[in-house]
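Inspection log for the structure reproduced underneath, given as structure tokens.
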Amino acid sequence: MKMSGNAAARDNQTPHSKVISLPISRVKLIMKSSPDVCFINQDALFLTTKATELFVQNLALSSFNNGSGKGTNTLSYSDLANIAEETETFHFLTDILPKKILARDYLKSMEQMQEEDDDL
């Protein structure tokens with residue numbers, strides 16, 4: 001069976017590109033930023049990209065469903081921070097998505113911590 005030039009070109013394209021919405025080149029760039037990575041297999045790159053996409057979707061949906069913006073159809077930073085703090089699955093994100101705190105509240109908690117240290 002002989003293939004035309006266009007069919008051969010289509011076969012050389014990544015068949016996975018239609019199944020994912022994140023840019024594979026960005027994921028590859030992030031993966032290559034690790035000093036431990038020297039070669040990235042195309043299948044591993046696709047699976048990492050798809051897993052990242054599914055994770056972000058799950059995080060966004062969980063945040064939206066448990067968030068305050070359901071009525072207005074919005075997702076806010078505080079929704080993401082709350083889900084990271086309240087859900088064990090996303091708890092590892094608490095350093096990346098900390099709850100916002102006002103400066104005066106932070107200063108007050110620092111004073112309390114200082115007083116407790118002085119008492120010891």
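The values are calculated or read from the model by the stated rules, or taken from the named source; none is laboratory data. Predicted model only: the values in this text are computed from it and were never measured. Counting neighbours? That spans all protein chains shown, and the Cβs are built from the backbone with ideal geometry, glycine included.
Can you tell me which residue among K50, K100 is out of contact with any Lys or Arg (no Cβ under 7 Å at 6 or more places or on another chain) and farther than 25 Å from V27 by Cβ?
Values: K50 fails: farther than 25 Å from V27 by Cβ.
The unique qualifying residue is K100.
Within segment 41-76, restricting attention to residues that are assigned to a loop (DSSP other than H, G, I, E, B) and surrounded by 15 or more Cβ atoms within 10 Å (Cβ to Cβ), which residue is farthest from the chain's Cα centre (by Cα)?
Taking segment 41-76 as the starting set, the residues that turn out to be assigned to a loop (DSSP other than H, G, I, E, B) are 41, 67-76.
The next check asks that each one be surrounded by 15 or more Cβ atoms within 10 Å (Cβ to Cβ); those that pass are 67, 75.
Values: G67: 17, L75: 15 Å.
Among those residues, the one meeting the criterion is G67.
State which residue is modelled with the lowest pLDDT when the search covers only segment 1-45 and only residues that are farther than 18 Å from F55 by Cα and among the β-branched types (V, I, T).
T14
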